[in-house]
Amino acid sequence: DMYGKKQSLTEVQKGKVLLLEFWTVGDENATFRNAELKELYAKYHDKGFEIYQVSVDTSKPAWVEIVQRQKLPWISVCDFKGAGSVAVQLFGIASVPQNFLFDKEGNIVARNAYGDNLAGELKKLFK
């Protein structure tokens, strides 16, 4: 994360509904999407929802500035390797934004769910 602390995806996910979100600060719609995510995070975090947001940026100052300015409350990580990032390669990310929604058992239940689609998926998972 921006403080240099390693954040293990597998440790974070244990028993939680998890949104794995790949993004970049250069995306002009990132602020809007993050605002939507903040609403969902506030609604479901206490029920076991976590967001693990992976930036594919290469500039630490730009990434840290956006995370701090937008006051992102979830786990936000970046290795500053851009497309060469292990996470990017592992999940087959060719462009951003992209996301994966995992249920409490670690199964992918949705991919690239945004806005009302993501809200609907979370509503089903937290019935």
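None of the figures in this text is laboratory data; all of them are computed from the coordinates on show. Only a predicted model underlies this, so the values are computations on that prediction, with no experimental measurement involved. No Cβ is skipped: glycine too gets one built from the backbone with ideal geometry, and neighbour counts run over all protein chains shown.
Can you tell me how region 1-120 classifies by the Cα gyration tensor, rounded, prolate or oblate, using a/c under 1.5 as the rounded cut?
In terms of gyration-tensor shape, rounded.
Given the DSSP H assignment, sum -39500 (n - 2.57) over each helix run of at least 4 residues in the chain and divide by its residue total; what's the result at 222 nm in deg cm²/dmol, nearest 500?
Numbers: 5 runs with 46 residues, N = 127.
Rounded to the nearest 500, it is -10500 deg cm²/dmol.
Report, for the chain, the % of DSSP beta bridges that are antiparallel, rounded to 5.
Of all bridge pairs located within the chain, approximately 40 percent are antiparallel.
So how strong a dipole does region 1-67 carry about its Cα centre when Lys and Arg Cβ are +1 and Asp and Glu Cβ are -1, to the nearest 20 debye?
Rounded to the nearest 20 debye, it is 320 debye.
Can you compute the label reach from residue 38? Point 7 Å from Cα along the Cβ direction, backbone N cut-off under 19 Å, restricted to region 68-111.
Within reach of a label on residue 38: 68-77.
Got a sec? Charge dipole of region 3-122, +1 on Cβ for Lys and Arg, -1 for Asp and Glu; which of 78, 114, 101 is way out at the positive end?
78
Take the residue pairs 104/124; 71/124; 16/60 and return only those whose Cα atoms are more than 24 Å apart.
Going by Cα-Cα distance, 71/124; 16/60 fall outside the 24 Å limit.
Assigning unit charges at the beta carbon (Lys, Arg +1; Asp, Glu -1) and nothing else, what dipole magnitude in debye, to the nearest 20, does the chain show about its Cα centre? Walk me through the numbers before you get to the answer.
Numbers: 17 positive and 16 negative charges, 68 e Å.
That gives the chain a dipole magnitude of about 320 debye.
Between residue 14 and residue 112, what is the label-point separation in nm under the 7 Å Cα-to-beta-carbon projection?
With each label point 7 Å from Cα toward Cβ, the separation is 3.4 nm.
Using amide H atoms built in the peptide plane, which far-off residues or other-chain residues are under 5 Å from residue 51 H to H?
19, 75
Residues in region 39-63 near a label at residue 83, defined as backbone nitrogen under 15 Å from the 7 Å Cα→Cβ point?
56-58
Express the relative contact order of region 14-66 as a whole percentage, based on alpha carbon pairs under 8 Å and six or more residues apart in sequence.
This gives 55 percent for region 14-66.
Which whole-number percentage describes the relative contact order of the chain, with Cα contacts under 8 Å and a sequence gap of 6 or more?
Details: 178 pairs, mean separation 42.3, N = 127.
It rounds to 33 percent for the chain.
From Cα pairs below 8 angstrom and at least 6 apart in sequence, can you work out the relative contact order of region 76-124, rounded to a whole percent?
Once normalised by length, the contact order is 20 percent.
For labels at residue 47 and residue 126 in the simple 7 Å Cα→Cβ model, what's the distance in nm?
My value for the distance between the label points is 0.4 nm.
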